[in-house]
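Student: Right, I'll just put the structure down here and ask away after.
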Amino acid sequence: AGDGPHARTAREMAVAGCARAAEVLRHAPAARRPRGLRRCGSENRRRVPLRATPEGEGEEVDDGLEALLADLDLDMDLDELLEPPSIDGDLSELLADSGAAEVDAATGVALTYNNDVDAYDAALGAEDTSRAAVVDLSHGGRVRVAGEGRRAFLVRETTYGGRPGELAMVGGAGEALDVALCVAQGRSEMLMVAPESRGDAARELQARVRGGEDVSVTDVSGATAQFAIVGEGATESLRSLLGQENAEAEAVLGGAVGDACMVGLEGAPCSLIRAEPLGPHTPVFMLVVDASVTAEAFAALCKAGCVPMGSNCFEKLRVRCGRPRRGFELGVAEAARTPLEANLWHACPAVEGSQESAAEASAGVAEVRQRAAARAMEHQLWSLELPVYVPPGDAVEVDGADQGMLTS
């Protein structure tokens, strides 16, 4: 109390202490903040627990920071003091800076950057084959299958052919549920699936693990982020980003589907993967990074010359390239089709005569093997170019005869 030199010093020390505490909290990740310390709304300004205790166990006291500021007669708003600042490299800011006009609220993925024509041309090399586009596919699923029995498990339950590449996930009658990219990662395999399979793929595979089988299935979708670099210029863009002398990266850039290696990106490790989510005629590479460096990875790819592409434009590319997708051509109960009927022959290498074809198989995989050996197909997928938009689900007729329906 009072205005003497000691009182002024005490006030200055108290304010400095408040400022230091606030500065620490402002820059600490939310997950690392003391769980007992919560911001107060206007209806409960003075009840701020000071002790860091487990959620729900903190004792609310009236002598919190708000009360201290009031006692010192300082005109400071604790809410503003503790408000987290905008962090450089925040993904939402980078999306906005890149022109993202619409972002999916559920996934955080940009739907469009208002540059669909430019991004589409960059991906297909319509005017310049040195260009590439980058699209955020983090909302897709990523499943890690580990254990000594993982490969035998994948051969039994999917159309896995024993090496990295695309495989089909099938149901009990041989119907295609989804197509996945299988990537070898030392002592595990990672399956990259469509957004519609996120969560479901791991649960479906886990349910098929037998008792005593040395197989573990883990959904790592939330812990990772995934980008696709699409276009003829993807190789040069990645070389400029990763360095010309990276021998492992060079092997992947010129390798086969499913080839992968670890590289450094913005000081963090990431997986570089050769992929074909749009078919063999559209070069695509995947980068899988830790979710904590999503923004930095996206910024680095844009800086390397990649044109940002929204997920809506990537969907147009998928339809243009005739690639099936879960919920459209795959995994639809009322329009079930085998992987062979969904143009996924390349994802079914375990046919008659191969080593895998003699291995134990689930009923669904055995059905696919038999049909592959007999070249038996009841349905086919065709691409149509129409002068006007026609919604999926509309019937297709030729000379009055029903020929099927539009799927995408």
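Student: Hey, can you rank 227-237, 117-127 by average C-beta count inside 10 Å, highest first?
Tutor: Working: 227-237: 22.9, 117-127: 19.4.
Highest-to-lowest ranking by the protection proxy: 227-237, 117-127.
Student: Still on this model: How big is the Kirkwood radius of region 191-335, worked out from every pair of different alpha carbons and given in Å to one decimal? Please list the in-between numbers first.
Tutor: On the way: mean 1/r = 0.0595 Å⁻¹.
It is 16.8 Å.
Student: Residue separation times 0.36 nm, minus the C-alpha to C-alpha distance between Asp104 and Ala376: what's the value? Provide the component values of the computation, followed by the final result.
Tutor: Working: separation 272, 0.36 × 272 = 97.92 nm, distance 4.08 nm.
Contour length minus Cα-Cα distance gives 93.8 nm.
Student: Something else now. With no solvent and one equal point scatterer per Cα, compute the Debye intensity ratio I(q)/I(0) for region 130-202 at 0.15, 0.24, 0.25, 0.26 Å⁻¹ and report its log10, rounded to two decimals.
Tutor: So the normalised log intensities work out to -0.52, -1.13, -1.20, -1.27.
Student: Give me the number: length gained by fully extending Leu386 to Gln206, i.e. 0.36 nm times residue separation minus the C-alpha to C-alpha distance, one decimal in nm.
Tutor: On the way: separation 180, 0.36 × 180 = 64.80 nm, distance 4.21 nm.
In short, 60.6 nm is gained.
Student: From the phi of every residue in region 196-209, what ³J(HN,Hα) in whole Hz does the Karplus formula 6.51 cos²θ - 1.76 cosθ + 1.60 yield, where θ is phi - 60° and glycine or proline is x?
Tutor: Result, ordered by residue: 5, 9, 4, x, 5, 4, 5, 5, 5, 5, 4, 5, 9, 6 Hz.
Student: Probe radius 1.4 Å, ligands and nucleic acids left out: which of His139, His379, His281 has the largest accessible area, and how do the rest follow?
Tutor: Order by accessible area, largest first: His281, His379, His139.
Student: Next question. When the Karplus curve 6.51 cos²θ - 1.76 cosθ + 1.60 is applied with θ = phi - 60°, which whole-Hz ³J(HN,Hα) does each residue of region 260-276 get, with x for Gly and Pro?
Tutor: 8, 7, 8, 9, x, 9, 6, x, 10, x, 8, 9, 9, 10, 7, 9, 9
Student: To continue, here is another question. Extending each Cα 7 Å along its Cβ direction at Ser292 and Asp402, get the distance between those two points in nm, one decimal.
Tutor: Label at Ser292, label at Asp402, 5.6 nm between them.
Student: For region 323-337, in order, what is each residue's ³J(HN,Hα) by Karplus, 6.51 cos²θ - 1.76 cosθ + 1.60 with θ = phi - 60°, in whole Hz (x at glycine and Pro)?
Tutor: 9, x, 9, 4, x, 10, 9, 10, x, 9, 4, 7, 9, 5, 8
Student: Can you bin every Cα-Cα distance in region 251-408 into 10 Å intervals starting at zero and give me the percent of pairs per bin, rounded to whole numbers?
Tutor: Pair shares across the bins are 8, 27, 30, 23, 11, 1, 0.
Student: Now a separate question. Kirkwood hydrodynamic radius, computed over distinct alpha-carbon pairs, for region 154-267: how many Å, to one decimal?
Tutor: Numbers: mean 1/r = 0.0623 Å⁻¹.
Across region 154-267, the inverse of the average 1/r is 16.1 Å.
Student: Something else now. For region 268-298 and region 163-191, what is the separation of their Cα centres, given in Å?
Tutor: That distance is 18 Å.
Student: May I pose another question? Work out how far the C-alpha atoms of region 208-257 reach from end to end along every principal axis, then list the three figures in whole Å, largest first.
Tutor: That works out to 48, 22, 18 Å along the principal axes.
Student: Among Lys303, Lys316, what's the order by accessible area (1.4 angstrom probe), most exposed first?
Tutor: Details: Lys303 185, Lys316 105 Å².
Largest accessible area first, the list is Lys303, Lys316.
Student: Given H placed on each backbone N at 1.01 Å, which residues far from Glu166 in sequence or on other chains put an amide H within less than 5 Å of it?
Tutor: Cys182
The values are calculated or read from the model by the stated rules, or taken from the named source; none is laboratory data. It should be emphasised that the depicted structure is a prediction, and the values quoted were computed from it without experimental measurement. Here Cβ is always computed from backbone atoms with ideal geometry, including for glycine, and neighbour counts include all displayed protein chains. Each accessible area value is taken on the protein alone, full model and side chains, heavy atoms only, with ligands, DNA and RNA left out. Shrake-Rupley method; radii C 1.70, N 1.55, O 1.52, S 1.80 Å.
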